Amino acid sequence: MKINKFAFILLGAFSLQALHALEEVVVTSSIIGKSSSEILDPIHILSGDEISTGATQSLGETIDELLGVSTTDYGSAVGQPIIRGMSGSRVKILDNGVVNRDVSGLGADHFNDIDLSNAQQIEIVRGPSSLLYTNGTIGGIINVVDNSIAMQNVEQLFKVGAETQSVNDGDTQSFFYQDNLSNLNLSFAYKNTSLGNYDVPNGAIMHEEEEHHDEDEDHDEHEEEHEEHEENAGFLANSDFETESMRFGVSKVSDNGYIGFSVSSIESSYGIPFHGEGHEDHGDEHGDEHGDEHGDEEEGHDEHEGERIFTTTESDKFDIRGSYNLDGITFARSVDFFYRDSDYTFTEQHAEEEHSEEGHEEDEHDDHDEHEGHSEGPTTFTNDSAEAGFILDLSNDVYSQKLSLNLVNEDTSIFGAEAFMNPASRDEFTLGYYLSRNYSDFNVDFAVRYDSIDNSGSVSHTHEEEHHDEEEDHDEEEDHDEEEHHDEHGEMETDYYDRSFNDSSIALNIGRQINDYVDVNLGFASVERAPSSIEMFMNGAHLATGRFEVGNVNLNSETSNNIDLSMNVNNGSFFATASIFMNDVDNYIYLQDETEEEHEDHDEEHEEGHDDHGGLTLANYLQQDAELDGYEIEFGNTFDLASGELMLSFGRDEVTGEFSNGGNIPRLNPARNIYRVKYSQDEMTLGLVFKDVEKQNDIGLGETATDAYQMLNAKFTKSFNLGNQGALTLSLFGNNLLDEVARNHSSYVKKEVPLPGRNYGVRFNLTF
């Protein structure tokens with residue numbers, strides 16, 4: 001980042017976190033235990049009302065309009081959050097303070113298995129408080145809070161909701177009930193969502209065959225007709241999503257605390273809009289079957305178009321959670337405790353749909369051996385975990401302090417036709433300490449954490465016998481026979497590894513209330529993250545990313561050394577906020593694609609009998625020092641009108657990242673300008689958000705630039721009092737009203753999977 005950018009921030013935000021448009025409701029962070037107005041360190045709190053009145057979408061999309069927060073997508077189901085350029089296992093997803101252990105970190109096409117129905121709030125936390133709950137929080141944590149295990153006695157509440165969307169002919173139904181019966185708090189939640197293939201703007205679909213135009217000029221005209229058909233399809237195939245979730249909870253509250261349990265189940269099914277194997281097949285056909293065979297090639301492409309590629313997921317969680325008041329018994333005030341057992345299954349499958357076209361004869365399918373290979377069966381990812389822990393409250397009248405202990409056992413397996421990693425296990429023992437104290441006008445937050453992590457896994461590879469030189473002249477059929485000979489004579493070897501990591505992290509925030517209007521906060525953090533199982537033991541074709549990914553068992557822990565400075569002002573009408581951060585990451589872990597020259601070298605090796613990785617791009621997990629710098633800035637004003645209140649604001653965020661060798665960190669989203677207009681009157685609210693996403697030219701090795709785009713979203717909300725304690729909340733929303741062609745730079749499949757087109761929807765919630 002250039003110095004002039006920092007100067008601009010410091011000078012342009014002389015007055016500075018403000019009343020964010022999405023954070024006007026006064027809520028309390030369950031992580032820190034403070035109200036939003038008392039929190040000086042970087043945090044967002046998105047209220048349940050904002051969640052329940054918007055469109056049903058992924059977790060990443062739900063929080064994407066917050067400054068410093070973005071998402072990487074893979075269709076409508078997948079939206080993995082990014083905080084200040086950090087994603088994946090660097091950002092931990094929690095529900096009710098416990099890590100959600102699905103398999104989202106194993107693939108870009110895996111979604112965060114989190115239920116947002118009846119969420120009370122979503123908390124995005126960085127700084128010392130995040131260290132109290134889980135390890136490796138280089139980016140921070142995202143905590144989804146609900147009331148499935150009530151900590152206080154509840155009143156009877158019945159809520160029914162329904163929603164429809166235009167872009168995907170989607171609909172959602174939800175039901176929630178809670179009551180206190182015989183001094184037991186009971187809650188039950190149900191939600192069903194069905195979203196079809198979503199519409200895309202005209203010309204949004206791109207295919208790899210576009211890169212082959214120059215290979216044979218005789219086919220330019222035919223190619224253009226074929227591409228036009230693809231681009232004008234109007235929707236993205238295999239972008240549908242269905243999910244059904246149920247949650248039941250019971251709790252008992254007394255003067256000494258509470259205890260309860262909950263069971264939850266989520267079943268989902270969604271299409272995978274891109275699969276590397278299909279593009280490989282088509283690309284091979286392009287390279288080998290030009291000329292008179294082009295017609296056959298097009299028929300083959302149509303066959304692939306009819307292929308259904310989808311996943312099914314099943315998630316079951318059992319939670320026990322409680323708190324016991326220790327006042328008068330020990331030196332501690334209370335102890336919070338929990339236990340969670342979770343089973344998660346993710347199955348990817350191929351299903352051939354029936355075709356009515358005359359060109360799809362049985363003999364044509366014989367030419368697609370790899371497609372026939374789908375009959376080998378599905379690929380299943382499983383994650384079984386058990387986690388237990390407690391947080392001891394050691395607070396007194398002078399300061400707040402907490403001590404946490406966590407024990408985790410996690411087993412991950414992948415098996416089936418496209419398995420790319422052997423089973424792995426992970427054991428964690430973590431100990432954290434958090435302290436908060438006021439010194440005159442200063443507030444100090446401090447945390448330290450120790451993590452002992454054992455990663456066990458293996459890497460298998462085929463040792464092929466040296467028999468390549470027995471015959472030098474082979475035609476295509478003989479080459480194929482040779483490959484089969486390799487398989488028959490190859491010896492599978494497996495190397496086993498047991499890596500242990502002892503990580504320590506520390507964080508400090510110092511906040512100062514300068515006057516009634518201005519406050520500042522300075523934060524320091526040094527956080528270590530042990531490499532994940534996939535980063536170490538990955539070794540195979542990852543078709544969702546179109547890559548053959550190879551892990552590195554010798555990876556060391558990352559160390560993030562972060563400095564964060566924020567300034568805020570709020571005088572009642574004018575508000576402004578600015579934050580700058582510098583994050584030096586030692587041993588930064590990343591996935592590096594091979595260059596075109598390296599790929600050509602591999603192709604030559606393949607001609608000599610070596611593995612070409614199935615035609616996929618070879619990508620290796622590497623490690624080197626890196627630096628990420630960025631800022632968020634926002635300012636605005638509220639105006640009192642005769643009939644209501646008008647709020648206008650402008651915000652901008654940007655993050656840049658470079659390796660120590662000078663190259664750019666790949667897949668970092670570009671700078672964004674966010675304009676907001678919000679009008680409120682009585683029980684009515686009208687909001688407009690215009691998001692201007694700039695072109696991303698600061699690309700990593702092997703990346704392509706991403707064009708700029710503008711996104712206009714709107715939402716109208718009106719509440720009606722129905723009497724007898726009943727209320728109806730009606731919301732009308734529109735997303736991408738300009739019908740812009742938009743691509744998410746952080747996505748592995750940005751060319752093939754554009755963002756949805758124009759979307760209108762209506763949602764209502766009936767409560768009594």
**OP:** Hey, can you tell me all the residues within segment 420-441 that are in a loop (DSSP other than H, G, I, E, B) and within 26 Å of the chain's Cα centre (by Cα)?
**Re:** PHE420, MET421, ASN422, PRO423
Original post:
Taking segment 720-734 only, how many residues are farther than 21 Å from VAL167 by Cβ and either under 31 Å from the mean Cα position of the chain (by Cα) or buried (at least 18 other Cβ atoms within 10 Å of the Cβ) (or both)?
Top reply: 1
Original post:
Failed condition for GLY663, given (1) within 23 Å of the chain's Cα centre (by Cα); (2) at pLDDT below 95, with all others met?
Top reply: (1)
Subject >> Filter result (part of a loop (DSSP other than H, G, I, E, B) and farther than 23 Å from GLY260 by Cα) within segment 131-164 >> reply: ASN135, GLY136, THR137, ILE138, GLY139
Subject >> Total residues in segment 98-108, condition of a type outside the set (A, V, I, L, M, F, W, C) and touching a helix residue (DSSP H, G or I) at 6+ places or on another chain (Cβ under 9 Å) >> reply: 3
Original post:
Of the residues that make up segment 82-97, is at least one modelled with pLDDT of 90 or more, in a strand (DSSP E or B) and in contact with a helix residue (DSSP H, G or I) (Cβ under 6 Å, 6 or more places away or on another chain)?
Top reply: no
Original post:
Does segment 501-515 contain any residue that is modelled with pLDDT under 95, on the phi < 0 side of the Ramachandran plot and aromatic (Phe, Trp, Tyr)?
Top reply: no
Subject >> Among residues of segment 98-124, those that are of a type in the set (A, V, I, L, M) and either part of a loop (DSSP other than H, G, I, E, B) or modelled with pLDDT under 85 (or both), counted >> reply: 6
Original post:
Yes or no: PHE111 over 20 Å from the mean Cα position of the chain (by Cα) and aromatic (Phe, Trp, Tyr)?
Top reply: no
**OP:** Go through segment 542-589 and give me each residue that's of a type in the set (S, T, N, Q) and under 30 Å from ASP498 (Cβ atoms).
**Re:** THR545, ASN552, ASN554, ASN556, SER557, THR559, SER560, ASN561, ASN587
Original post:
Where in segment 517-628 are the strands (runs of 3 or more DSSP E), entirely inside, with at least 1 residues that are modelled with pLDDT of 90 or more, in contact with a strand residue (DSSP E or B) (Cβ under 9 Å, 6 or more places away or on another chain) and among the charged types (D, E, K, R)?
Top reply: 518-529, 558-570, 574-593
**OP:** Mind listing just one residue for me: the one in segment 376-398 that is in a strand (DSSP E or B) and of a type in the set (S, T, N, Q) and, of those, nearest to ALA541 (Cα to Cα)?
**Re:** THR379
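The values are calculated or read from the model by the stated rules, or taken from the named source; none is laboratory data. Just so we're clear, the structure is a prediction, and the values are computed from it rather than from any experiment. All Cβ positions, glycine included, derive from the backbone under ideal geometry; neighbour counts span all protein chains shown.
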